[in-house]
Amino acid sequence: MPITKAEASRLSRRTGMKQHDFSIVNDGVLTLLNNAETRACVFLLTDSADVNAEGMCSVYEIRPKGCQTYPYVLNTDDVAVLDDGCPHRSQFGLPPEGTATVLLNLEERIVREGSSD
Ligand code: SF4
């Protein structure tokens, strides 16, 4: 999951973790790390490597904007759609109005930050 520098700072401040313990720069984009054993986000409380396994976000109240809007993502035409890779996609309806704008603004911030490194 791509995150902004401000989100990384907030996660670090609130969890006490160093940024390099939960994020990595991937192709110039700051991204949440996955746990090596569970293969899920380091903040997901789960013991299973099964992509459909139940789990709880340990930073739910301060989760990044991309997590808040998931499973809605932008397609190649910059239209908000349900992510094909989400195993729970059948539980979601059409993207709420304004989702594409939120995602485009987030993408712009993330790309701008990545290009300034
Ligand atoms: S919602 Fe929580 S567990 Fe899921 S990707 Fe975001 S930070 Fe990680």
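The values are calculated or read from the model by the stated rules, or taken from the named source; none is laboratory data. All values derive from a computational prediction rather than experimental measurement. Counting neighbours? That spans all protein chains shown, and the Cβs are built from the backbone with ideal geometry, glycine included.
For this structure, a couple of remarks:
- Inside the range 40-59, residues that are within 12 Å of the ligand (Cβ to nearest atom) and either touching a Pro at 6+ places or on another chain (Cβ under 6 Å) or within 28 Å of VAL111 (Cα to Cα) (or both) make up a count of 8.
- All conditions but one from (1) within 15 Å of the chain's Cα centre (by Cα); (2) assigned to a strand (DSSP E or B) apply to GLY85; the one that does not is (2).
- Of all residues in the range 40-85, those satisfying the criterion of being of a type in the set (Asp, Glu) and either farther than 22 Å from LYS18 by Cβ or touching a Gly at 6+ places or on another chain (Cβ under 6 Å) (or both) are ASP47, ASP50, GLU54, ASP77, ASP78, ASP83, ASP84.
Every residue, every condition in (1) part of a strand (DSSP E or B); (2) within 13 Å of the ligand (Cβ to nearest atom); (3) at pLDDT 95 or above; (4) more than 18 Å from ALA6 (Cβ to Cβ), yes or no:
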| position | (1), (2), (3), (4) |
| --- | --- |
| GLU61 | no, yes, yes, no |
| GLN68 | no, yes, yes, no |
| THR76 | no, no, yes, yes |
| VAL81 | yes, no, yes, yes |
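- Close pairs from the range 55-75: first under 14 Å from ARG10 (Cβ atoms) and without any contact (Cβ under 8 Å) to a residue 40 or more places away in the chain, partner more than 7 Å from the ligand (Cβ to nearest atom) and in a helix (DSSP H, G or I), Cβ under 7 Å, at least 6 apart: none
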